[in-house]
Amino acid sequence: MPNAIRIVLVLSLCCVILACQKPKEKVVMLDQQTFGTLPDGKSALIFTLTNHHGMQVRITNYGAAVVSVLAPDAHGAFDDVVLGYDSLSGYVNDKSYLGVIVGRYGNRIGKGKFTLDGSEYQATVNDGENHLHGGAHGFHKVLWDAESSQTDSTQSVKLTHKSPDGDEGYPGNISIEATYTLTDKNELIVEYRGTTDKITILNPTHHSYFNLTGSPTNTILDHQLQIESDSITPVDNGLITTGVLTAVEKTPMDFRELIAIGAHINDASEQLTFGKGYDHNWVLRNQNGKVRKAAVVVEPTSGRVMTVFTDQPGLQFYSGNFLDGSIVGKKNIAYKHRTGICLEAQRYPDSPNKPQFPSVTLKPGEVYRQTTIYQFSTR
Ligand code: BGC
């Protein structure tokens with residue numbers, strides 16, 4: 001056989017072999033950098049989790065905050081869909097809980113008072129006359145220990161923190177773990193685990209403000225929302241739950257079907273007046289402690305969809321009513337009224353004082369657990 005033909009045959013064979021080989025999956029490495037230095041001289045870290053579809057989540061161990069979430073729109077263009085700050089100092093000075101884990105108790109406790117086993121406790125009063133989101137120096141203002149890991153289809157950051165007995169008025173030395181995992185299903189999973197050495201209360205939650213347009217210069221009023229819920233826990237004018245459940249039917253709180261957030265936000269309603277918009281806890285249909293769908297958010301222009309799953313019995317939907325343009329966030333954008341929404345999985349507000357609500361009590365030997373998932377897709 002002439003040499004030229006032999007070479008052509010060998011080359012063709014090589015091409016066939018190469019074409020038949022399964023392309024090797026690209027390994028994406030989890031990245032870790034220094035985010036900045038805190039006033040006490042300690043360094044905060046920032047982790048970048050990336051999945052095989054190019055979705056990317058950045059997390060800092062200061063406040064266990066999600067700094068950015070790059071999610072694709074219906075045409076495959078990636079944009080950042082959470083509010084946050086470009087630098088660590090933004091998180092140090094923040095008063096609006098952007099992206100953080102709040103706790104020990106997410107949401108409000110009336111006058112900050114609660115009783116456990118006959119002893120009365122006073123948690124920090126930091127919201128009018130009430131306690132909100134763990135107090136002045138809660139989980140959102142501490143540097144968590146961090147450890148990252150990855151598998152073929154997930155990247156995770158496990159954050160751990162020890163809160164001492166008496167911290168912000170809460171009893172018991174507690175250990176808390178919050179693990180963020182980005183999966184190849186475009187899910188951001190938040191898993192919590194907590195233990196105590198003395199009877200206490202624990203109800204942490206995640207506080208990202210989402211704006212699925214990818215540009216927080218837009219309001220969230222055209223985002224459509226559906227919540228798997230038939231009732232809310234109404235509040236008084238200090239946003240403390242009254243202790244009853246009221247049906248959403250025939251009220252602006254009805255999100256049983258997908259509807260624009262802005263459709264009824266300005267309706268004449270005592271609850272909307274008290275909340276200055278939506279700032280209420282929806283009682284989820286799923287009360288059995290299994291992870292189930294809780295809510296869906298659809299942003300019609302970009303086609304982005306976020307589905308929230310949780311094992312918690314309640315979901316606080318907050319429509320960013322207190323944002324007023326005074327916070328200047330990433331890319332120098334001022335966060336104006338209603339430019340972000342929070343969907344906070346939790347037990348019900350003021351539950352330590354409402355024995356009829358699901359309990360938030362944690363005793364020595366017990367383990368607090370929560371799983372909440374924010375899944376991104378398009379339509
Ligand atoms: C609460 C709001 C509060 C906001 C603070 C939300 O979770 O429901 O009432 O103002 O957090 O950023």
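The values are calculated or read from the model by the stated rules, or taken from the named source; none is laboratory data. All values derive from a computational prediction rather than experimental measurement. Glycine also receives a Cβ, built like all others from the backbone with ideal geometry; neighbour counts cover every protein chain displayed. Surface accessibility is based on the protein's heavy atoms, side chains included, excluding ligands, DNA and RNA. Shrake-Rupley method; radii C 1.70, N 1.55, O 1.52, S 1.80 Å.
The table that follows gives values for the structure above.
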item: Relative packing of peptides 132-139, 69-76 - highest average C-beta neighbours within 10 Å first; result: 132-139, 69-76
item: With every protein chain in place, the chain: carbon and sulfur % of accessible area (1.4 Å); result: 52
item: 10 °C / 1.306 mPa s Stokes-Einstein diffusion coefficient of the stretch 31-378, Kirkwood radius on C-alpha pairs, µm²/s; result: 79
item: Solvent-accessible heavy-atom area per residue, rounded to whole Å², over the stretch 31-378 at 1.4 Å; result: 38
item: Under 30 Å from K354, Cα to Cα: lysines that are on another chain or at least 8 residues apart; result: K95, K111, K113, K141, K162, K198, K250, K276, K290, K293, K363
item: Spatial separation of Cα centroids for the stretch 109-167 and the stretch 249-327, in angstrom; result: 24
item: Cα-based convex hull, the stretch 83-209, per residue volume (Å³, whole number); result: 115
item: Amide H contacts of L323 (H built 1.01 Å from N, under 5 Å, at least 5 apart or other chain); result: R338
item: Other-chain or far-sequence residues with amide H under 5 Å of Y105's (modelled H); result: G134, N203
item: Amide proton proximity set for A294, modelled H, under 5 Å, gap of 5+; result: V308, F309, T310
item: Extension gain from R256 to N93, taking 0.36 nm per residue of separation minus the Cα-Cα distance; result: 55.0 nm
item: In Hz, Karplus ³J(HN,Hα) per residue of the stretch 295-308 (6.51, -1.76, 1.60; θ = phi - 60°; x = Gly, Pro); result: 7, 10, 10, 10, 10, x, 6, 7, x, 6, 10, 10, 10, 9
item: Reachable aspartates and glutamates, given that their alpha-carbon falls under 19 Å from the alpha-carbon of K158 and they are not under 8 places away in the same chain; result: D31, D145, E147, E177, D184, E187, E191
item: Relative contact order computed over the stretch 31-378 (Cα-Cα under 8 Å; 6+ residues apart), in percent; result: 18
item: For D267, net neighbour charge (Lys/Arg +1, Asp/Glu -1) across residues whose Cβ lies under 14 Å away; result: 0
item: Residue (of L159, V367, F35) at the positive-pole extreme of the stretch 31-378, dipole from beta-carbon charges; result: V367
item: P(r) of the stretch 275-360 over all Cα-Cα pairs, binned every 10 Å from zero, in whole percent; result: 16, 36, 33, 14, 2
